[in-house]
1. Distance between the C-alpha centers of the stretch 304-328 and the stretch 214-265? Whole Å please.
2. So, counting K/R as plus one and D/E as minus one, what does the shell of residues with Cβ under 15 Å around E188 add up to?
3. I need the peptides 205-212, 324-331, 283-290, 472-479 ranked by packing, meaning the mean over residues of other C-beta atoms within 10 angstrom, with the highest value on top.
4. Would you mind telling me the share, in percent, of accessible area of the stretch 104-171 contributed by carbon and sulfur at probe 1.4 angstrom?
5. Where does each of Y33, Y85 land when they are ordered by accessible area, with a 1.4 Å probe and the largest first?
6. When the C-alpha atoms of the chain are aligned to their principal axes, what extent does each axis show, in angstrom, from largest down?
7. Using DSSP, restrict attention to beta bridges with both residues in the chain and report what percent are antiparallel, rounded to the nearest 5.
8. For the stretch 136-199, what does the accessible surface come to per residue with a 1.4 Å probe? Please give it in Å².
Amino acid sequence: MAATGASRLVEALAAGGVRRIFSLSGNQILSVYDATIGRDVAIVHTRHEAAAVHMADAWGRLTDEPGVALVTAGPGHLNAISALYGARMAESPVVLLSGASPRAQRGRGAFQEVDQVGAARPVVKAAWSLDDAARIGDDVARALALATSGRPGPVHLSLPGDVLEGAAPEPALVAPAVVTPPAVAEREALAIVALLAEAKRPLIITGPALGRGRRRRAPVDRLAEVTGAAVLTIESPRGVNDPWLRGATAVLAQADLVLLLGKPLDFSLRFGTAFARDCRIVALDPESAAPAPHLTLALGADPAASAVRLAAIAATRAWPSTGWRDQVAAARRATPPAWEEVRRSSRAPIHPLRVCAALAPHVAAGATLVADGGEFGQWVQAALDPPERLINGLSGSIGSALPMAIGARLARPERPVLAVMGDGTFGFHAFELDTALRCGAPIVVVVGNDARWNAEHTLQLRHYGVERTVGCELLPARYDRVAEALGGHGELVERAEDLEPALARALAAGRPACVNVLIEGVAAPTFGGGGGH
Ligand SMILES: Cc1ncc(C[n+]2csc(CCOP(=O)(O)OP(=O)(O)O)c2C)c(N)n1
Ligand SMILES: [Mg+2]
């Protein structure tokens with residue numbers, strides 16, 4: 001019997017190193033499920049398509065290999081789209097495979113027919129329909145390679161049901177034609193190094209992908225060490241007001257040269273106005289070399305490969321030490337002295353900083369921290385300095401932390417995972433605790449329960465006044481019992497002194513857990529600006 005398209009697809013995924021697919025079933029993809037039987041490709045099946053993509057996103061960010069999600073046609077695919085936007089803004093390699101109606105029924109009102117490729121296109125690097133069974137191997141290899149090349153990001157493939165179910169010929173082995181941008185040319189590299197040498201306060205700013213993972217991050221660190229430049233990564237939807245930057249936010253305006261490595265001069269840098277008027281700005285971007293107001297130089301080049309070249313050239317000359325790099329690092333590390341007392345405070349409801357104090361030893365011991373948005377999320381991001389963290393990212397979307405925590409636990413099975421989020425955010429994907437239990441990912445979810453959508457409530461207070469706060473109240477619900485009802489472990493924490501033992505029990509439970517902490521709903525800390533996601 002000739003192999004089916006579905007079995008060729010699974011073979012191609014396995015050949016590309018994919019061992020796990022994050023999925024939610026549906027008519028149009030059951031052939032793929034069937035084809036995984038007896039193969040080394042496991043299905044992690046979830047409770048919502050967006051959650052499947054968030055898990056694949058976490059996998060992509062942590063492993064630098066594409067995370068793969070498989071969903072059904074029409075509504076399944078559309079449910080996945082908002083999470084694809086998260087992966088795109090976080091520069092995370094993700095491949096979304098979506099079942100689709102059969103080719104012969106196209107345009108005739110087929111079941112769940114919708115322009116899937118068109119719907120995905122604005123939020124992916126590339127999207128196409130896999131219409132030719134003979135090309136399955138090639139197309140899958142190309143999608144996987146595209147997701148990780150240049151600026152990493154999501155890629156979408158629609159899979160018509162008849163292509164999956166029909167016979168598929170033996171694939172011809174063709175290497176995927178993915179063009180990666182080169183490093184910056186020698187002449188231009190010399191010019192950039194000259195600009196770095198002229199600068200007194202040079203600052204390298206990277207996008208999310210260059211901020212994580214050794215492969216991309218190491219050359220950036222090397223360039224900074226050689227030249228004495230400071231490095232900051234912009235990965236928060238609060239941009240230069242990312243609370244994790246702390247005092248470094250205030251020193252941005254002191255830089256006299258900014259080297260943007262794979263970082264667009266977008267909203268997160270206030271379109272360039274975050275820097276001084278006379279600051280020179282040089283941009284190296286894998287996709288765009290478009291000159292823009294504010295930019296001294298804009299070049300299309302691979303930023304990591306360019307950093308290697310720039311560092312090599314820079315190493316051939318002497319760089320006087322200025323203390324600038326240390327000054328920026330110190331500004332980023334320091335937290336306000338007034339926080340010390342709050343960290344130890346025993347008041348109720350519990351202050352977010354007190355929760356952070358209880359989390360800190362676990363983070364220091366190597367737990368992966370996944371923090372969502374909202375005010376509670378900002379406190380956690382501001383107060384903790386984990387070696388590795390996942391945050392919602394530049395999409396500014398809330399809701400991803402719980403499913404991302406599952407992806408993180410599967411990607412780093414040896415490490416505990418703490419997923420920290422507000423009570424509103426918990427509701428987005430709370431049922432993934434069930435997925436966590438089924439797939440053996442005992443994550444610990446810490447809910448900061450202030451019985452409101454506090455980030456928006458805070459904005460209402462600021463912009464409309466106390467008399468005009470509306471539509472942001474929640475109930476102080478027993479989210480811990482949701483975890484218990486799903487077979488997990490639940491803890492309700494009302495008093496500060498109960499935090500540490502509750503967290504210890506949750507981490508030791510060996511099952512997914514929810515630690516529901518009744519917190520004081522306070523506005524996020526700001527270090528020079530405010531408001532946002
Ligand atoms: C998908 C999405 N929907 C809505 C928002 C707007 N939003 C940002 S933060 C927030 C409130 C979050 O509330 P909660 O999770 O309880 O955290 P808190 O701010 O109360 O600490 C909302 C609604 C968003 N950023 N993303
Ligand atoms: Mg809240």
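The values are calculated or read from the model by the stated rules, or taken from the named source; none is laboratory data. Predicted model only: the values in this text are computed from it and were never measured. Positions of Cβ are generated from backbone atoms using ideal geometry, with glycine treated the same way; all protein chains shown enter the neighbour counts. Surface accessibility is based on the protein's heavy atoms, side chains included, excluding ligands, DNA and RNA. Shrake-Rupley method; radii C 1.70, N 1.55, O 1.52, S 1.80 Å.
1. 14 Å
2. Net charge around E188: 0.
3. My ranking of the peptides, most packed first, is 205-212, 283-290, 324-331, 472-479.
4. Carbon with sulfur: 52 percent of the solvent-accessible area.
5. Accessible-area ranking of Y33, Y85, largest first: Y85, Y33.
6. 71, 62, 44
7. Looking only at bridges with both residues in the chain, the antiparallel portion is about 5 percent.
8. Spelled out: the 1.4 Å probe surface of the stretch 136-199, per residue, equals 42 Å².
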